[in-house]
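Comments concern the structure below.
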Amino acid sequence: MLATESIRQCIKSAPQITKLRRIRIIATKENMKSAMLMVLGVALIAGNFALAEEAAKQDAGIVSITLPIIETKLPDAPGRQTVLTTCVLCHSPRYITMQPKVARAAWTAGVDKMRKTFGAPMTDAQAAEVVNYLVAIRGLEPAK
């Protein structure tokens, strides 16, 4: 009976509970079932507070997500450093390595589009280095 009364008190004071409180339970055959119910009740109340806090954050427009980290290293080839300082400002290394293999003309057109349409910050010499690098790592073999 003592455990049931404690559960009622916890439920009545639930809005004031801000952290877990120590509850001393003496486990005997007579009160083991009541003690387990009390522990379950406290756990449910604590869980409901966590859910309520998360719902309040969402109601306030606060959303938290964790994105996976995918480490991608660009292959070594001449021009790699230029790509890291010019292209990776907007594109991830993974985006670069997942591109299909295309001919030099397609890479040149793509780099020109990035410079002229989207304002990629690179000189003509850097653009040539970037194209050479992209052809080296993702270029089609010339027809023989």
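Key figures
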read-out	value
Mean accessible surface per residue for the stretch 87-144, computed with a 1.4 Å probe while every protein chain stays in place, in Å²	66
Pair residue 72, residue 91: separation of 7 Å Cα→Cβ label points (nm)	0.9
Segments 129-137, 68-76, 107-115, 92-100 sorted - mean Cβ within 10 Å per residue, highest first	129-137, 107-115, 92-100, 68-76
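The values are calculated or read from the model by the stated rules, or taken from the named source; none is laboratory data. Source: prediction; values computed, not measured. Note that we place each Cβ from the backbone using ideal geometry, even for glycine, and neighbour counts take in every protein chain shown. For accessibility, only protein heavy atoms count, side chains too; no ligands or nucleic acids. Shrake-Rupley method; radii C 1.70, N 1.55, O 1.52, S 1.80 Å.
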